[in-house]
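Quick notes on the structure that follows.
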Amino acid sequence: MGTLGLAGLLHDESLLASEPPQIGITNGSALAVKNPHFAPKAKRIIHLFMNGGPSQVDTFDPKPMLDRYHGKRPPGSDLKTERSTGGLMKSPFRFNNCGESGLPVSEIFPEVGKCIDDICVIRSMHTDVPNHEPSLFMMNSGITQPTRPSMGSWLCYGLGNENQNLPGFVVLCPGKPVVGPQLWSNSFLPGVYQGCHINNGNMDPEQVIPHINNRYLDRESQRKQLDLMTQLNRKHLAERSRDNQLEARIESLEMAFRMQTEAQEAFDLNRETQATRDDYGKGQFGNACLVARRLVERGVRMVQVFYGSGQPWDDHGNIENGHRTKGLDSDKSIAALLRDLKSRGLLEDTLILWGGEFGRTPVSEGSNGRDHNNHGFSVWLAGGGIKGGMAYGATDEFGFSAQENKVHVHDLHATILHLMGLNHEQLTYRYSGRDFRLTDVHGRVVNEIIA
């Protein structure tokens with residue numbers, strides 16, 4: 001079989017000579033701004049990732065039938081999930097009709113509710129597997145298997161970065177989620193497109209990126225040293241064509257040098273007014289949301305903000321205490337981010353995505369928890385060309401499975417790329433004998449939610 005495969009490759013010389021498809025033009029840097037396929041509505045994205053899986057029926061998809069059938073298990077409420085579950089469980093939270101649109105929002109998000117006219121809630125999301133690891137991969141990389149490029153890496157590959165002194169893709173997570181760095185991996189894309197993980201547990205600007213400053217050489221001496229090293233590395237690279245790892249190392253050295261001038265300033269929250277700091281609130285998540293705004297206004301292409309380390313939204317027990325605590329803790333920061341971006345004129349071309357890797361069941365686990373649910377859940381989008389004040393799609397009467405205008409994660413990714421000016425079927429990279437893309441061989445653009 002190996003001989004036959006090699007014979008096929010040798011027969012088709014075009015495969016041996018082909019280069020990975022490139023988009024637009026560059027000025028010689030892999031992170032230089034590139035032309036999109038068409039005029040974008042959004043230039044940058046902030047992904048507020050509620051890792052662990054928030055419950056749709058307790059946040060943005062109220063189901064009155066849960067009150068009526070509380071404790072019972074009628075037909076339609078017996079879909080297979082990860083663990084054994086009991087009867088239907090009504091939400092412990094009150095929903096309020098918010099904004100001019102009147103969309104219902106859970107009481108655990110009072111401030112986000114005030115911003116609902118800028119938000120589109122997709123209530124008909126679904127994914128493939130009710131387990132954290134494959135669902136985390138799917139939401140971040142478009143496939144349930146590991147070692148595929150993340151969405152942020154695809155965006156940087158396709159569009160470059162507007163600020164050459166900062167990484168194009170920054171991940172703010174105080175620790176690591178279940179899977180870890182594979183969620184922001186560049187995989188087979190050139191290494192310069194890998195996400196830069198920042199542990200926002202400590203936002204001291206001099207410590208947030210360790211070892212960025214040279215304690216022994218001044219800037220001019222560093223520049224001379226790096227120029228010599230670059231000349232040697234480029235000569236070395238010229239003798240080894242298509243060595244992505246070597247080129248990525250050269251780019252990373254240049255990026256590290258440039259980051260000395262701007263990275264620490266970008267992460268220095270003391271440069272913000274006290275009023276702004278108070279708006280975002282105290283704590284790791286509030287600080288991360290404020291840093292996300294500072295990064296996107298400086299040209300970073302994608303910022304991903306994990307709510308916390310591990311899987312904090314994974315409330316298998318006591319959904320009331322768990323979701324109320326995390327909802328109220330994140331609510332003020334999310335609303336402050338939306339208002340802040342809007343006041344600065346950034347929301348119109350900055351796309352905000354909120355959600356987890358899946359949802360939770362409307363039936364109970366134990367006495368008052370909820371199991372994982374991949375059949376139907378909610379995410380929401382705001383800014384960046386999105387129609388605000390609307391809900392799209394619907395789950396069944398109990399909130400268990402997507403029924404109307406179903407949106408798979410592939411469709412969500414296709415829509416995000418479209419808003420960023422990229423055709424998801426054309427954003428490809430040739431690796432291991434075939435063209436790969438974020439949406440694999442699936443995905444449709446959800447035009448109904450685009451302004």
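The values are calculated or read from the model by the stated rules, or taken from the named source; none is laboratory data. Everything numeric in this text was worked out from a predicted model, so none of it was measured. Quick reminder, even Gly has a Cβ in these numbers, built from the backbone with ideal geometry, and neighbours come from all protein chains shown.
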Subject >> Yes/no for R73 being of a type outside the set (D, E) and either out of contact with any Leu (no Cβ under 8 Å at 6 or more places or on another chain) or not assigned by TED's automatic domain parsing to the domain that holds A402 (or both) >> reply: no
Original post:
So I209 fits all but one of (1) at pLDDT 75 or above; (2) assigned to a loop (DSSP other than H, G, I, E, B); what number is the exception?
Top reply: (1)
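Looking at this structure, is L338 in a strand (DSSP E or B) and within 21 Å of V105 (Cα to Cα)? Before the answer, list the steps.
On the way: in a strand (DSSP E or B): no; within 21 Å of V105 (Cα to Cα): yes.
So L338 does not fit the description; no.
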Original post:
What about K282, is it in the same structural domain as H197 (by TED's automatic domain parsing), in a helix (DSSP H, G or I) and of a type outside the set (V, I, T)?
Top reply: no
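Scan region 283-305 for residues that are closer than 26 Å to G421 by Cβ and within 18 Å of the chain's Cα centre (by Cα) and report the count. Step through it out loud before you land on a result.
From region 283-305, those closer than 26 Å to G421 by Cβ are 289, 291-305; that's our starting set.
Then drop every residue that is not within 18 Å of the chain's Cα centre (by Cα), which leaves 289, 291-297, 299-305.
Qualifying residue count for the region: 15.
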Original post:
Residues of region 176-193 being crowded, with 24+ Cβ neighbours inside 10 Å, under 16 Å from the mean Cα position of the chain (by Cα) and over 22 Å from Q311 (Cα atoms), which ones?
Top reply: Y193
Original post:
Among strands (runs of 3 or more DSSP E) lying entirely in region 345-444, which contain 2 or more residues that are free of Cβ contacts under 8 Å to residues at least 24 places away in the same chain?
Top reply: none
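Would you call I143 part of a loop (DSSP other than H, G, I, E, B) and on the phi < 0 side of the Ramachandran plot? Before you say what the answer is, go through the steps one by one.
On the way: part of a loop (DSSP other than H, G, I, E, B): yes; on the phi < 0 side of the Ramachandran plot: yes.
So I143 fits the description; yes.
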